[in-house]
Structure formats: structure tokens, C-alpha cells
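Read-outs: derived from the displayed coordinates by stated rules, not from any lab. Source: prediction; values computed, not measured.
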Amino acid sequence: MPTTPSSQNRSESREGTKAPEPADSRDGHTPLLGRRAAKVDRLAELMGRREEGGHGAGVWRTAFDRMRRSPMAITGAVIVAVFVVVALFSPVIAPYEPVAQTWGDEVFPNRSVFVGPRAENWLGLDNLGRDQFSRMVIGARQTLLVGVVATLVGFGVGALLGGAAGAAAVLGGRWGRQVDNLVMRVIDMMLALPTLLLAVTVAALVGPSLTTVMIAVGVAQVPIFARLLRGAMLSQGSRDYVLAARALGVRKHRIALVHILPNSLGPVIVQSTLTLATAIIDAAALSYLGLGNPDPAFPEWGTMLADAQRFLSSAPQLAVYPALAIIVTALGFTLLGEAMREALDPKLRK
């Protein structure tokens, strides 16, 4: 029977609408699980991005654009940048050695005779005739070192505990929930103690030193990071991309490490900025209590504040300078952290 044009067109249209065979199905060397994992990776990437103005924009890029227009973020970033520059280049900026008692014969604390700001000593002299400006600059380096190391200790240990508890609770079934309960009860015990009291306890057990301050302040921050990361992972555990990964048969450890954990780190990174401010205050408090570095060659703002208490009536500037440095530095990190949290959290955006 001859083929009519209409039947020939219908047959061609059916052949034209036939879906092309995927390239992956023809590739005998590509494992099925590998193709599924690649699909889940792409899904997790898309879930971590948001649409704004009709164009795909990363969450962090969008947050950075908002922070550039925020006066609070700009103020905090300027304070933090000045503090970091002074701390990193303190040996070059400081005009004198912090332990050099070059002008000791000009200062008589017993008679309340002190030297205030002048050309060669911008912030005056302390009770031993040492240059106050040089000691403040070197103290900034010690403060930055303590704050960063303590935050890294708290972040590392807290992320390890919180990540393990969160992954076990989301993917571990009954056994995982038991592990989560055990870890969280230990974290709750640490949270029952005030942060400063816990830091003082650790520092008193180890002994006064700069390392002691770092460990003590870092241990005090562990429960904050642990609970925050665990909560974020529990929230991510019910997302569609996690359910899709489990349905496709992706291994549980890959789901936890490749998908859930990266999408849960945003709040923890923001908290680390806020924790830096707390670490600086706690480190100054430990030094003020005599648990900091006893070496006078490495002055700390908290130790300088403690030494100045005896001379508040005759030389209040000795206490005002380190106190203002602590307050302004902590304020800078707090402003920057709060701006980051508002930029990343849709509920807090203005």
C-alpha cells in the first residue's frame, strides 16, 4: 500500500519527538552510583543557590553585596582591618622595646609622678618608665593571636562533636540517636557553666601562660559551635536533596560530608566572627586575673589593665588605653558578625 504524505509526516514526527538516549547510558565505563552521586552533587549545588533578580547568585556573594551597603558592616570591617594591620606589623610599628625602662628615672609612682603623652612617647610612660604606645601595639599582636587560636580550637573541637552528633541523628537511625544524646549531654554539662568560669577553671588547672589562655578560651567556646552545627545539620537533614540522595542509594557518610555539612557551615562561620569578640574579652579577663602570660616582653591588654588599677587616681590613662582597645576591638568584630548574620539570614535582613 503506498505511503501517503500524511502518514509519512506522522511517522517522521514520531521519530523526531523520540527522546535521545542519554550519553551516560552508552558509557559502559561509568558506574551507576557515580552517575547518581554526580546528580545529587548538582542538586545540592542548586539547593545552595538562590534566585535574585532573575539571575542565579551565590548566597555568600549576595550577602557580600548587602554588607557593602551596610554602615554597620563597613564600620566593623574598618575596625577589624586596622586592628589586624597593627597586630601583624607591630614589631615595625612599635618604636621601642616593650620591656625597655629607658625613662625610668622620670617616673615616681610613689609620689604620683607620671609622664603623659609627648613627642617621643605618644601615649606617655607606664609606672616603670616604659613606652605605653609600644606596649599597646605589641599587646594587639598577643590579643589577635589568642583570639584567633582560641576560636580555631573552639571551632575545630565543636565542629567535630556537633558534626558527629548531627550526622548520627540524621542518618544513624536508632543507634545514631543514642550517640547524639550522649554527645549532647556532655555539651549540656559544659553549657551549664558560664563561659568565663569554665575558662578560669581550665586556666587554673593548667597554670598561667599564653597557651593556657588559648586553650581555656577555646574550650569555653566548644559547646556553642557544637550545638549550632548540630542544629543546622538537623535542619538540613529534612531537605529534598538529602531525601533524594538517600533514595538514590548514596552512602551515608558521603551524604553527611559532601552535602549536609557544607550547607550547614554558614551559621557556624558567622558565629566564629562573633566568638572572636568574646574570645578577646575572655582573654583579657584571664590576664586581668593573673592567669595570662607572665612574661613582660609580651604585654597583654588585660595584664596592663590589671597593673594600672593601683594608679587609677594618679594616672587613669594607664587603664583607659587598654580598656578602650579591648572595647573597640570587640565592638568591631561584633558589628562585623552581626552584619554577616543579617545578610545571610532572610528573617533578619532589612
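Summary table below
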read-out	value
Relative contact order for segment 61-348, counting Cα pairs under 8 Å that sit 6 or more residues apart, in percent	26
Potential extension, residue 89-residue 201 segment - 0.36 nm per residue separation minus Cα distance	37.0 nm
Phi to ³J(HN,Hα) by Karplus 6.51 cos²θ - 1.76 cosθ + 1.60 over segment 150-161, Hz, x for Gly, Pro	4, 5, 5, 5, x, 5, x, 5, x, 5, 5, 5
